[in-house]
Every structure is written in C-alpha cells, then in structure tokens.
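The block underneath contains the structure these notes are about, expressed in structure tokens.
No lab work stands behind these numbers, since they all come straight from the coordinates. Since this is a predicted model, take the numbers as computed values, not measurements. So basically every Cβ, Gly included, is an ideal-geometry build from the backbone, and we count neighbours across all protein chains shown.
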Amino acid sequence: MESNSNFIELTTGRKNLDLISDIKFSKNNQYQLLIGTWGSNLLLYNCRSFTNYPHEPLPREPICELNVADTPLSILYPGNSNTNSQAPPIVGLLDGSVRQVDFENVKLGKNMGHTFEGEDVRNGINHLCQGVNNSVIASSFRGNLQLLDQRLQKPLNNWKNGRKVLTMESTEKYLILGLAGNVVEVYDLNKLGSSTAPAPLETREVGLKYQVTDIKASLDQSALAMSSIDGRVSIEYLDLSSESQQEKNFVFKSHRHFDKESGTDLVYPINSLAFRKHVSRSNLLFTAGSDGYLCLWDINKRKRLKQYPRFQTCEIDGLPSEEVTTESIAKIDVSHTDDLIAVATSDDNYKRRRRLSESENSRLPSRVYVKHLKN
C-alpha cells in the first residue's frame, strides 16, 4: 500500500496489529527499524531499499519477529552513531524488567534492572535513555529511575523522583526529565552513579499549559523541543549558564483545526517529535499528532515548512468502509543517516472513552509507514 507523499506501509503478517508502544531506528545498523506493540510483539525490519525507492524492490516484511512474555513499552539502541558498537537493542517491559534483544536466538536476555516484587503496571519501564560509559537510564510510570550497566547487565543506582516521569531524553552531557506539573529537571549524566539520589542541575517550568507528551534534543544539543496534549510545542534552550536563555525560549501552536460549526479550534494532542539528524538540517523538527498530520518546522525561523497529507483509511475492523477515518500518529523516528522517517499510527480512541461499557477493542489496526527523506 502506498500512502500519501510516498509513505510506504510495512506489512506485519497479521490482520490487526495492536497499539504501537515504540519505534526506533538502529544507530549503527542504520536501516534497521524495531517496532514494539502492546500485543507483546517485537518486529524488526530492514529499510535500506527505501533509500532507492522506486528503483529498487521494497521488502516490506519483518526480517525477525519476537513474541515476548510482556509488553515492550520502550526501545533503545545503545551507543551512538559515531561508535562501532554493535550492542543489541534494549527493551523496557511492562513487568518492570529491562532486557537485551537476542535476534539470533529469537528471545530476550535476562533482566539487567531492579527486580520488583508483585505485579504492578506502575513498574513498567516507560522510557529508556543512553547514559555515559555504556550505561542506560530507565524510568518507570511510578517515577523510579535506574542507572544500568549494559555490559555487566546489572543496576548501578536506583532512585525515585517525587513526580511522575512522563518523558525522558539524554544528550552527551545531560539527562532531561519531563515531569508531571510541566516541570523539567536537568541532571549531569556523569553524576548519576552515586549511591544517593542525584540532585538536578536545574529545575524549570516550561511554557506549556497541559501535560507534556514528548521531549527531544536537537542534533547540536543546544535546544529541546517539548510537546503537549493541547497542541503546543515549547522550544527550550539548554545553555544553563546563559542569562538570556529565557529570552530565546518560545512556544508555538500546532495540530489545531478551525471548526466552522462551533467557531472554535479543534485541539489535538501532539504525540511524538523528531529532529532531523544532519548538521545542515538540525533546526528542522517533525511534529506528529492525533489529527493524523505530520508537520515539519524550522525552529530558527519559527515557521512551519510543510504539512504532509493526513494519514487516513477507508477500513474499519479490517473491512472496507465508505467512512474515511483518521489514523492518529502515535510515534515517529528519523534514521541516524537522516534519510528515512518512520511513522506509526494507532487508534487512540480508547483515551477518549467515557465509560467502561464502551468497546475496548481498537477499531483501526495499527500501521507503520516509511518514507525516504530527500535533501
């Protein structure tokens, strides 16, 4: 299936793909794309052929598939694109464990994180970030944070944040936590390994009115983009010593559409962000929302450059329909070669159910699209 503007849909080998929890391109095997779902699936794709589309056939099927014991909530490819590390990806699971993915033996490795007693979904590992010296940082829904040694596969430190961790990002120097209450905390990555809870270098309130949904750092690591459930993006600069920092920060609105009947804007959550990953395009930011639109922004010029056609389908419950339905964009990621973007759509109507009697089954299957980004 070819979607708008040459977005090509990947095939999954199943009629209905469950809600997508995360997608990530590999940092070293540049064109590998790993997808996690709430149906406890991990799907690995080789997307190299997309860079030569339409002159080369596109293998759209997964090259490896794992059915795991619990939901893979978060994915991390360790290391960075400047190293020769071939470390396997790491997944954070709903049961609170953090495990390496063993594609050769089609299984997950042992838990390298803290072992939680009992079953509590609040222990689920909702985010993973790269630390220093082969370390990985994991956060849970309940606000627990762990510093893990990915080589020795054991925890180095464990502490609790007083607020709920909604999203997380790391740069070469800093760990950035997006917390409940529109608070952002910035930590020194080199000071996370002590036996006590590390103190933040800075705590700031961001210019968003409602809950933060995602946070991403620009390639030069000078700026952070933070999105919210009310269609706003805050651009925050990371120069902790600059007195003019607050003057450079700004907020813009996106993913809002005027409704003629009510005379007001329909506001949609911005679910995922991604910066371009080439030095000449590091000021370009993708935003993706529940309105089914993918937008490209220039944060230096503070303007929108492009809005891609809306992702939508004429299928409901896997059957053709006369009704055109919007596909909400759940996750996006840009390859580390900066020439591919992956877009994952999932039915997020469950977020707006007002009563338990409403169907819990998703009407729209999840889909993943890949597009070659031309310079």
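When you restrict to C-alpha pairs under 8 Å that are six or more residues apart and normalise by the size of the chain, the relative contact order lands at 13 percent.
Summing charges over neighbours of Asp95, with a neighbour being any other residue whose Cβ is under 12 Å away from its Cβ, gives -2 when K and R count +1 and D and E count -1.
Comparing mean-square fluctuations of Phe50, Phe116, Phe103 from a GNM of the chain with C-alpha springs under 10 Å, the top value falls on Phe116. Positive-end ranking of Leu285, Ile341, Val267 along the dipole of the stretch 210-341, with charges on Cβ about the Cα centre, is headed by Leu285.
Multiplying the residue separation of Cys314 and Ala69 by 0.36 nm and removing their Cα-Cα distance gives an extension gain of 84.9 nm. Each residue, Arg14 and Arg304, gets one label point 7 Å from its Cα in the Cβ direction; the gap between the two is 3.4 nm. Loop sites here are trypsin sites (Lys or Arg not before Pro) outside DSSP states H, G, I, E and B with no more than 12 other Cβ atoms within 10 Å. The longest part of the chain free of them is 16-109. In this Cβ point-charge picture (+1 for Lys and Arg, -1 for Asp and Glu), the stretch 201-272 has a dipole of about 220 debye about its Cα centre. For the stretch 79-148, the relative contact order is 25 percent, taking Cα pairs closer than 8 Å that sit 6 or more residues apart in sequence and dividing their mean separation by the residue count.
What residue among Ser26, Ser280, Ser328 has the largest mean-square fluctuation in a Gaussian network model of the chain, using Cα springs under 10 Å? With Cα springs under 10 Å in the chain, the top fluctuation among Ser26, Ser280, Ser328 is at Ser280.
When the label point is put 7 Å from the Cα of Lys107 along its Cα-to-beta-carbon vector, which residues of the stretch 150-181 have a backbone N closer than 20 Å? 151-154, by backbone N distance to the label point. For the chain, a simple Cβ point-charge model (Lys and Arg +1, Asp and Glu -1, everything else neutral) yields a dipole of about 520 debye relative to the Cα centre. Excluding the site residues themselves, the longest part of the chain lacking any GluC sites (Glu not before Pro) in a DSSP loop with at most 13 other Cβ atoms within 10 Å is 1-103.
As a length-normalised measure over Cα pairs under 8 Å and 6 or more apart, the relative contact order of the stretch 132-233 settles at 19 percent.
Among residues other than Val184 with Cβ under 11 Å from its Cβ, the summed charge is -3 (Lys and Arg +1, Asp and Glu -1).
Shown here for the stretch 12-42: chymotrypsin sites (Phe, Trp or Tyr not before Pro) in loop regions (DSSP other than H, G, I, E, B) with at most 13 other Cβ atoms within 10 Å, of which there are none. From helices alone, the chain scores 0 deg cm²/dmol at 222 nm; the rule is -39500 (n - 2.57) for each run of n ≥ 4 DSSP H residues, then divide by the residue total. Along the charge dipole of the stretch 148-304, which of Leu175, Ser228, Cys295 sits closest to the positive end, that is, farthest toward it, with unit charges on the beta carbon of Lys, Arg, Asp and Glu (+1, +1, -1, -1)? Farthest towards the positive pole: Cys295.
Spin-label model, Glu323 to Gln221: label points 7 Å out along the Cα-to-beta-carbon direction sit 4.9 nm apart.
Among residues other than His255 with Cβ under 12 Å from its Cβ, the summed charge is +2 (Lys and Arg +1, Asp and Glu -1).
In order along the stretch 135-148, the phi-based Karplus estimate (6.51 cos²θ - 1.76 cosθ + 1.60, θ = phi - 60°) of 3J(HN,Hα) comes to 9, 10, 10, 10, 10, 10, 4, 7, x, 6, 10, 10, 9, 10 Hz; Gly and Pro are listed as x.
Ordering Ala197, Val106, Pro59 by the projection of their Cα atoms onto the charge dipole of the chain, which places +1 on the Cβ of Lys and Arg and -1 on the Cβ of Asp and Glu, puts Ala197 at the extreme positive end.
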